[in-house]
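Each remark here refers to the structure printed beneath this line.
The values are calculated or read from the model by the stated rules, or taken from the named source; none is laboratory data. Here the structure is a predicted model, which is why all the values come from computation and not from measurement. Cβ: placed from backbone, ideal geometry, glycine included. Neighbour counts: every protein chain shown.
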Amino acid sequence: MRNVVIIGSGPAGYTAAIYTARANLNPLLIEGLQIGGQLSITTDVENFPGFPEGVMGPDLMEAMKKQAARFGTDFLATLVSKVDFSQRPFRLYTDDEEIQAKSVIISSGASARLIGLEAEKKLIGYGVSTCATCDGYFFRGKDIMVIGCGDSALEEATFLTKFANKVTVAHRRDKLRASKIMQDKAFKNPKIDFVWDTVVDDIYDVEARNVRGVKLRNVKNNEVTDFKTDGVFVAIGHEPNTQIFQGQIEMDANGYIITHDGTKTNVPGVFAAGDVQDHVYRQAISAAGTGCMAAIDAERFLEHSEH
């Protein structure tokens with residue numbers, strides 16, 4: 001029986017572990033498939049406070065993990081396959097065991113949707129990005145391609161014009177899905193161009209570990225062209241990693257966990273932190289902040305439930 005089980009090992013999970021461990025709650029952190037979350041596949045992180053020279057994503061996550069371990073966090077390098085939140089103690093199932101918990105902090109994050117190219121996976125952090133706020137700064141004076149058609153794609157494109165020489169938005173149809181206000185803003189921006197009815201079939205150059213261009217294909221006439229660009233931002237949305245909590249906890253239409261009064265969910269004793277409940281900010285620092293909040297909420301919940 002554990003006081004606190006934390007599901008997920010990104011900035012939210014590790015911060016929750018640091019705080020609950022320092023409160024002598026001996027947390028168990030179940031790390032999931034991608035240990036360190038999205039930051040484990042990020043290269044330079046220049047906007048996390050306290051690192052004036054920047055820090056590599058995996059190094060930042062390793063430091064957080066060591067800090068959590070120092071205060072007595074236990075780690076389990078496995079995946080939670082099923083949960084039962086219908087009564088306390090809560091039950092969590094991995095492939096080979098059942099874990100009982102008095103409280104649970106869900107920080108399983110969200111995964112950026114990718115277009116599915118082999119080159120895209122290999123070049124993440126080397127010119128391919130899923131976060132303009134995180135990486136736009138590295139593309140000062142460069143040409144960038146944004147893939148997507150919704151509000152978030154146009155938001156990213158508009159934000160990137162602060163740094164880029166030129167931003168080209170590629171979309172597989174001939175009109176955008178974004179709101180009218182976002183479209184008007186983008187169409188008026190002299191730095192933003194659009195290529196319509198077009199998909200990206202490949203990204204160059206995996207060998208050089210650097211983005212040099214893309215292979216474009218027109219979906220109407222199948223014409224293929226090479227297009228020179230220094231960076232590719234994929235902005236086709238995020239998927240919260242909440243599949244195993246369906247039917248157990250309240251979520252919005254897109255699968256993000258709904259929280260209230262801090263990090264509380266609709267199940268007393270279950271808390272949610274980080275990108276699993278935040279589709280607005282999606283930053284390491286905001287995730288870490290909610291991880292701290294969830295730890296304090298869990299500590300108070302345990303205090304009250306034991307009196």
Problem set entry | Residues satisfying the stated conditions in the range 1-34, i.e. part of a loop (DSSP other than H, G, I, E, B) and under 16 Å from Ala110 (Cβ atoms) | Gly8, Ser9, Gly10, Gly32, Leu33, Gln34
Seminar exercise, completed: Scanning the range 29-54 residue by residue, those farther than 20 Å from Asp275 by Cα and either of a type in the set (Lys, Arg) or buried (at least 20 other Cβ atoms within 10 Å of the Cβ) (or both) turn out to be none
Exercise. So Met61 fits all but one of (1) more than 22 Å from Gly255 (Cβ to Cβ); (2) buried (at least 17 other Cβ atoms within 10 Å of the Cβ); (3) in contact with a helix residue (DSSP H, G or I) (Cβ under 9 Å, 6 or more places away or on another chain); (4) in contact (Cβ under 8 Å) with a residue 60 or more places away in the chain; what number is the exception?
Worked result: (4)
Seminar exercise, completed: Note on the range 277-288: residues without any contact (Cβ under 8 Å) to a residue 24 or more places away in the chain and either among the basic types (Lys, Arg) or part of a helix (DSSP H, G or I) (or both) are Ser286
For this session: Being among the aliphatic types (A, V, I, L, M), touching a Ser or Thr at 6+ places or on another chain (Cβ under 7 Å) and in a loop (DSSP other than H, G, I, E, B) is the filter here, so list the residues in the range 220-257 that pass it.
Result: Ala235, Ile249
Problem set entry | Lone unmet requirement of (1) of a type outside the set (Lys, Arg); (2) assigned to a loop (DSSP other than H, G, I, E, B); (3) free of Cβ contacts under 8 Å to residues at least 60 places away in the same chain for Ser86 | (3)
Problem set entry | Subset tally (residues that are at pLDDT below 95 and acidic (Asp, Glu)) for the range 220-260 | 1
Exercise. Out of the range 64-92, which residues are out of contact with any helix residue (DSSP H, G or I) (no Cβ under 8 Å at 6 or more places or on another chain), small (Gly, Ala, Ser) and closer than 27 Å to His238 by Cβ?
Worked result: Ala77
Exercise. Tell me, which residue of the range 264-276 that is in contact (Cβ under 8 Å) with a residue 40 or more places away in the chain and on the phi < 0 side of the Ramachandran plot is surrounded by the most Cβ atoms within 10 Å (Cβ to Cβ)?
Worked result: Ala273
Problem set entry | Which listed residue is among the aliphatic types (A, V, I, L, M), modelled with pLDDT under 95, within 28 Å of Cys292 (Cβ to Cβ) and assigned by TED's automatic domain parsing to the domain that holds Pro268, from Leu92, Leu79 | Leu79
For this session: Please state which one of Leu176, Leu154 is of a type in the set (A, V, I, L, M, F, W, C), farther than 28 Å from Asp44 by Cα and in contact with a helix residue (DSSP H, G or I) (Cβ under 6 Å, 6 or more places away or on another chain).
Result: Leu176
Exercise. In the range 37-72, what residues are closer than 22 Å to Ser103 by Cα, part of a loop (DSSP other than H, G, I, E, B) and not aromatic (Phe, Trp, Tyr)?
Worked result: Gly72
Seminar exercise, completed: Residue pairs qualifying under the 8 Å Cβ cut-off, at least six apart or on distinct chains, with the first in the range 193-214 being free of Cβ contacts under 8 Å to residues at least 40 places away in the same chain and in a strand (DSSP E or B) and the second being of a type in the set (Ser, Thr, Tyr) and surrounded by 16 or more Cβ atoms within 10 Å (Cβ to Cβ), are Asp193/Thr168; Phe194/Thr168; Val195/Thr168; Gly213/Tyr204; Gly213/Thr229
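Results for (1) surrounded by 15 or more Cβ atoms within 10 Å (Cβ to Cβ); (2) assigned by TED's automatic domain parsing to the domain that holds Ala284; (3) more than 23 Å from Gln38 (Cβ to Cβ), shown as yes or no for each residue.
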position: Asp135; (1), (2), (3): yes, no, no
position: Lys142; (1), (2), (3): yes, no, no
position: Thr161; (1), (2), (3): yes, no, yes
position: Ala164; (1), (2), (3): yes, no, no
position: Arg173; (1), (2), (3): no, no, yes
position: Ile192; (1), (2), (3): yes, no, yes
position: Thr198; (1), (2), (3): yes, no, yes
Exercise. Among the residues of the range 31-52, is any touching a Pro at 6+ places or on another chain (Cβ under 8 Å), among the small types (Gly, Ala, Ser) and touching a residue at least 60 places away in the same chain (Cβ under 8 Å)?
Worked result: yes
